[in-house]
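Quick notes on the structure that follows.
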Amino acid sequence: MQLTGNEDHHITLDAAAAITAAYRVSAEGKAGRAVLGGVFGRGIIDQILAQPGCVGLRYYYGIDKSSAPVLVLVGVTADNNDIWQGTLAEVAYPCPPICPMPNPLNR
């Protein structure tokens, strides 16, 4: 698949709220140590996207040393390859404990 960096990833608030709610009521979402989300700072996102040939981000699911789920971010090229020898990101600030005010995506 050829990528341009302009693929449409839009989702309505109603659709996003429905899928995040479905996760929260799932067995995984109800688990005692469930991670509902996380935040990555703009700096690391900008660093990944600024790499030569980078047209987007790919995420991989992982499990950290404390057995918590995490996302690993890597840049991706137009020919759909990972820029795995470049800047990578994982250290998101998880929710909980670092959560936003209640909103349709997390209630």
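The values are calculated or read from the model by the stated rules, or taken from the named source; none is laboratory data. None of these values were measured; they are calculated from a predicted model. Because the Cβ atoms are built from the backbone with ideal geometry, glycine has one as well, and the counts that use them run over all protein chains shown. Note: accessible area is taken over every heavy atom of the protein model, side chains too, but ligands, DNA and RNA are not part of it. Shrake-Rupley method; radii C 1.70, N 1.55, O 1.52, S 1.80 Å.
Please compute the length gained on full extension between Asp64 and Trp84, using 0.36 nm multiplied by the number of residues separating them and subtracting their Cα-Cα distance.
Numbers: separation 20, 0.36 × 20 = 7.20 nm, distance 1.88 nm.
Working it through step by step, the gained length comes to 5.3 nm.
Near Tyr61, within a Cβ-to-Cβ distance under 14 Å, what is the net charge of the other residues, with Lys and Arg +1 and Asp and Glu -1?
Taking every other residue near Tyr61 into account, the sum is -2.
Per the 1.4 Å probe, what fraction of the accessible area of the chain, in percent, lies on carbon and sulfur atoms? Each step should come with its number before you reach the end.
Values: 4770 of 7710 Å².
Heavy-atom surface of the chain belonging to carbon and sulfur, 1.4 Å probe: 62 percent.
Looking at Asn80, Val35, Cys54, which one has the Cα that reaches farthest to the positive end of the dipole of the chain (charges on Cβ: Lys, Arg +1; Asp, Glu -1)?
Val35
What dipole magnitude, in Debye to the nearest 20, does the chain give about its Cα centre under +1 on Lys/Arg Cβ and -1 on Asp/Glu Cβ?
Numbers: 7 positive and 9 negative charges, 104 e Å.
Dipole size: approximately 500 debye.
If you count only protein heavy atoms with a 1.4 Å probe, what accessible area per residue comes out for the chain, rounded to a whole Å²? Intermediate values should be presented prior to the final figure.
On the way: 7710 Å² over 107 residues.
Value for the chain: 72 Å² per residue.
Helix-derived [θ] at 222 nm for the chain: sum -39500 (n - 2.57) over DSSP H runs of at least 4, divide by residue count, nearest 500? Don't jump to the answer; show the numbers that get you there.
Working: 3 runs with 25 residues, N = 107.
Value at 222 nm, helices only: -6500 deg cm²/dmol.
So which cysteines of the chain have no other cysteine's Cβ under 4.7 Å from theirs?
Cys54
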